[in-house]
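Chemist: Please see the structure below; I have some questions.
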Amino acid sequence: MSFRFHVWRFATSVVVGAVATTGIATGAAASGLGGGGVMYVAKPKIMRVNCVRRCASHRRARSGSTLRIKGTDLGAIHMVTFHGSYGRADDIALRVRSGSSSRLNARVPMGAVGGPISVAVSRSLRSRRTRAIPILPAPPPSPNPELTPVPGPRDAGAPRLETGTSRTTAFFDARRAVVFSFRLSGRSARSVQVDLVSAADGSVVKTWSPPAVAPGAIQTIAWSGKLGGAAAHPGRYSFRVTARAPDGAVARSAQIQDYSRDSFDLYQYRFPIRGRHDYGGAGARFGAGRSGHSHQGQDVMARCGRPLVAARGGRVQYSGYHRAAGNYIVIDGSGTGTDYGYMHLAEPSPFRKGDRVYTGQRIGSVGRTGDATDCHLHFEMWTAPGWYEGGRPVDPLSSLEAWDGWS
Ligand SMILES: [Zn+2]
C-alpha cells in the first residue's frame, strides 16, 4: 500500500470535515500538515496491462478489446485515460467502475490510438502513466448493403430478422447519410424498435419505433447524421433492431457489443477533390505573400476537370465570377458558422445563392479560371459571420489534411 500527500486544489478554503465528505479514503489525520484539506490518499498504481478479450494477434489491443489492468489501490478508480500520442487532442477518457483494488477491466474505446494509459480516482489523483501500449485501429465495418439473415440472439418462436445497411462510411449532412433496411419473416411482431448505438461508449443515441408490419415487407430508416438538431460526434455507429412477438419472444439483430454488423463510420466532412492531389509548395500555403496582400487560403493542386464536392453541406452564400478568384462558390457550412470557399472552378457552379448543398455533393470541377496558372483548387475557410461579412480567414491546411485521411 503506498500513500502520498494529496493536496486538494481548494484545500486552503475548506475545512477538513467538508473535504472528507467527498468519500475519498483518508489515511492518517491531517493535523500538523498545515491544517485545511491536506490528507493522505492512496495513489493508484498500475503494474501490468494485458489484453484479455477481442484482442488482435499476439495479444495486442485494438479498439473494442478489453484490457485487464492490474495494480494497487484501484478500488476507487472512476476513469481510465488513453493518452494517445502527442498532446491532449487525442486523449480519450473512459468512465469505469472498479470492483477490486487489484484489478480492473476497461474496453479500448473506438478511436483510441496507441500510447500510455493512466487511471484516476479524481481529476487530481491519478496514477503514473504506463509505458506506451500499442493499440491497433478497429477493423473497418463489414459491409452488408443487401438484406441478409442476422446471427443475433433470438428466442424460440420470435420473428426471424434480416438487415442491411447502405454504406460503411457516412458523412454528416449528406443527402441520405446512411440507410438501414430490415425485414421480418416467420411470425409477425407485436413491436419493433430500431436503436442507433454509438460504439464510443455503447450508448443508444437514437431510437425509432416503426409500426410493426407484416412479415415480408421491407422497412427502411434513413439517418442524416444529426442528433438533437446538431451534428453527431464522428465515430462508429451501429443499427440494432429488436422485434417482439405477440407472446413476448424477442429477436435482436446483433449483440450490443458487436460493432461489425450494420455498422458505419460517420464523418463530418468530405475531402473536396475527388482524385489525386497535392498541397503544392510554400507559395500554396495560407499566409504566403501575394502582391498587395497575403494568401487567404490553401491551394490544392489537381488536374483540371477533377470533380469538386462540398466538404460540408449547407447553404450557398455566393456563386459567381471574380477576375482573381475565377469561377467560385462559397457555402455556409451547416451547423458550423464557417464559410467554405472554392475558387478557380473550370466552369461556373450550377448552384446559385440560397441553394441547399449536401456534404459530398458535386459543386463543380477543378480549373484555372481567374488569376491562376496551374490547375488547382484555392480553398478558404472563414469564421462566423462569414466570408467578407465580418469573419476572418483561417488556415485550412490541417482540416484538409484530416479530411484527406479518411475521404
Ligand atoms: Zn490560392
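Chemist: Which whole-number value in Å² is the accessible area per residue of the chain, probe 1.4 Å?
Modeler: Working: 20220 Å² over 407 residues.
For the chain, the solvent-accessible area averages 50 Å² per residue.
Chemist: Moving on. How many angstrom lie between the Cα centre of segment 250-326 and the Cα centre of segment 365-407?
Modeler: The two parts, judged by their Cα centres, are 8 Å apart.
Chemist: For a quick check: with amide H placed at 1.01 Å from N, whose amide H comes under 5 Å from ALA288's, ignoring anything fewer than 5 positions away on the same chain?
Modeler: When sequence neighbours closer than 5 places are left aside, the close amide H contacts are HIS295.
Chemist: Add -39500 (n - 2.57) for each DSSP H run of 4 or more in the chain, then divide by its residues: what number comes out at 222 nm, to the nearest 500 deg cm²/dmol?
Modeler: Numbers: 2 runs with 15 residues, N = 407.
Only helices count here, giving -1000 deg cm²/dmol.
Chemist: Something else now. Kindly provide the trypsin sites (Lys or Arg not before Pro) of segment 194-298 that DSSP labels as loop, not H, G, I, E or B, and whose Cβ sees at most 14 other Cβ atoms within 10 Å. Walk me through the numbers before you get to the answer.
Modeler: Working: sites: LYS206, LYS226, ARG236, ARG240, ARG244, ARG252, ARG261, ARG270, ARG274, ARG276, ARG285, ARG290; in loops: ARG261, ARG270, ARG274, ARG276, ARG285.
When the trypsin sites (Lys or Arg not before Pro) of segment 194-298 are filtered for loop state and at most 14 Cβ neighbours within 10 Å, ARG276 remain.
Chemist: Using +1 on the beta carbon of Lys and Arg, -1 on that of Asp and Glu, and nothing else charged, what's the dipole of segment 109-206 about the Cα centre, debye to 20? List each step's numbers first, then the result.
Modeler: On the way: 14 positive and 6 negative charges, 68 e Å.
The calculation lands at about 320 debye.
Chemist: Could you give each residue of segment 282-290 its phi-based ³J(HN,Hα) in whole Hz, using Karplus coefficients 6.51, -1.76, 1.60 with θ = phi - 60°, and x for Gly or Pro?
Modeler: Taking θ as phi minus 60°, the curve returns 4, x, 8, 7, 4, x, 4, x, 10 Hz for segment 282-290.
Chemist: Measuring from label point to label point, each 7 Å out along Cα→Cβ, what is the ALA89 to ASP355 span in nm?
Modeler: Between ALA89 and ASP355, the label points sit 3.3 nm apart.
Chemist: Quick check: the angle from helix 397-406's long axis to the longest principal axis of the chain, C-alpha only, nearest 10 degrees?
Modeler: Here the helix axis deviates by roughly 80 degrees.
Chemist: Please list, or write none, the lysines whose alpha carbon is within less than 18 Å of the alpha carbon of LYS226, excluding same-chain residues fewer than 8 places away.
Modeler: LYS206
Chemist: Would you work out if the chain is rounded, prolate or oblate? Take a ≥ b ≥ c from the square roots of the eigenvalues of the alpha-carbon gyration tensor; rounded if a/c is under 1.5, else prolate when a/b is larger than b/c, oblate otherwise.
Modeler: Working: a/c = 2.37, a/b = 1.27, b/c = 1.87.
Taking the square roots of the gyration eigenvalues as a ≥ b ≥ c, the chain is oblate.
Chemist: Let me know the shape class of segment 318-407, please: from the alpha-carbon gyration tensor, a ≥ b ≥ c as square roots of the eigenvalues, rounded when a/c is under 1.5, otherwise prolate if a/b is greater than b/c, or oblate. Don't skip to the answer; put the middle values down first.
Modeler: Working: a/c = 1.33, a/b = 1.19, b/c = 1.12.
It comes out rounded by the Cα gyration axes.
Chemist: In whole Hz, with x marking every Gly and Pro, tabulate ³J(HN,Hα) for segment 374-390 from phi via Karplus 6.51 cos²θ - 1.76 cosθ + 1.60, θ = phi - 60°.
Modeler: Coupling constants for segment 374-390: 9, 5, 6, 9, 9, 10, 10, 10, 10, 6, 4, x, x, 5, 6, 10, x Hz.
Chemist: Anyone know which of HIS58, HIS233, HIS344 comes out most mobile in the 10 Å Cα GNM of the chain?
Modeler: HIS58
Chemist: Can I ask one more? Please state the charge dipole magnitude for segment 275-399, taken about the Cα centre, from unit charges on C-beta atoms (+1 on K and R, -1 on D and E), reported in debye and rounded to the nearest 20.
Modeler: On the way: 14 positive and 11 negative charges, 50 e Å.
I would put it at about 240 debye.
Chemist: In debye, nearest 20: dipole of the chain around its Cα centre with unit charges on the Cβ of K, R (+) and D, E (-)?
Modeler: Numbers: 53 positive and 26 negative charges, 304 e Å.
With only Lys, Arg, Asp and Glu charged at Cβ, the dipole is about 1460 debye.
Chemist: Heavy atoms only, probe 1.4 Å: what % of the accessible area of segment 294-407 goes to carbon and sulfur, would you let me know?
Modeler: 47
Chemist: LYS45: which lysines have alpha carbons under 28 Å from its alpha carbon, excluding same-chain residues fewer than 8 sequence positions away?
Modeler: LYS70
Chemist: Say the dipole of the chain comes from +1 at the beta carbon of Lys and Arg and -1 at that of Asp and Glu; which of SER124, VAL357, ALA42 then lies farthest toward its positive end?
Modeler: Working it through, the farthest residue towards the positive pole turns out to be ALA42.
Chemist: Which is farthest toward the positive dipole end of segment 144-293 among SER188, PRO246, ALA288, measuring Cα position about the Cα centre, with Cβ charges +1 (Lys, Arg) and -1 (Asp, Glu)?
Modeler: ALA288
Chemist: Right, something else. May I ask you to derive the relative contact order of segment 271-407, considering only C-alpha pairs under 8 Å and at least 6 residues apart, and to give it as an integer percent?
Modeler: On the way: 366 pairs, mean separation 36.7, N = 137.
That works out to 27 percent.
Chemist: Identify, among THR336, ALA346, TYR321, the residue whose Cα sits farthest towards the positive end of the charge dipole of the chain, taking +1 on the Cβ of Lys and Arg and -1 on the Cβ of Asp and Glu, with the dipole about the Cα centre.
Modeler: After comparing all options, I get THR336.
Chemist: While we're on this one: Only loop residues by DSSP count here, and only those with at most 11 other Cβ atoms within 10 Å; note down the trypsin sites (Lys or Arg not before Pro) in segment 297-392 that meet that.
Modeler: Qualifying residues, ordered by number: ARG323.
Chemist: Counting only residues 5 or more places away or on other chains, whose amide H sits under 5 Å from the amide H of HIS376 once H atoms are built in the peptide plane?
Modeler: Here the answer is ALA302, GLY367, since their amide H atoms fall under 5 Å of that of HIS376.
Chemist: A further question on this structure: Using θ = phi - 60° and the Karplus curve 6.51 cos²θ - 1.76 cosθ + 1.60, what whole-Hz ³J(HN,Hα) does each residue of segment 186-192 get, with Gly and Pro shown as x?
Modeler: x, 7, 7, 10, 7, 8, 10
Chemist: Provide the solvent-accessible area of GLU389, counting protein heavy atoms only and rolling a 1.4 Å probe, rounded to the nearest 10 Å².
Modeler: Around 70 Å² of this residue is reachable by solvent.
The values are calculated or read from the model by the stated rules, or taken from the named source; none is laboratory data. This one's a predicted model, so the numbers in the text were calculated from it and none came from an experiment. Note: ideal-geometry Cβ built from the backbone for every residue, glycine included; neighbour counts use all protein chains shown. These accessible areas exclude ligands, DNA and RNA; they are computed on the full protein's heavy atoms, side chains included. Shrake-Rupley method; radii C 1.70, N 1.55, O 1.52, S 1.80 Å.
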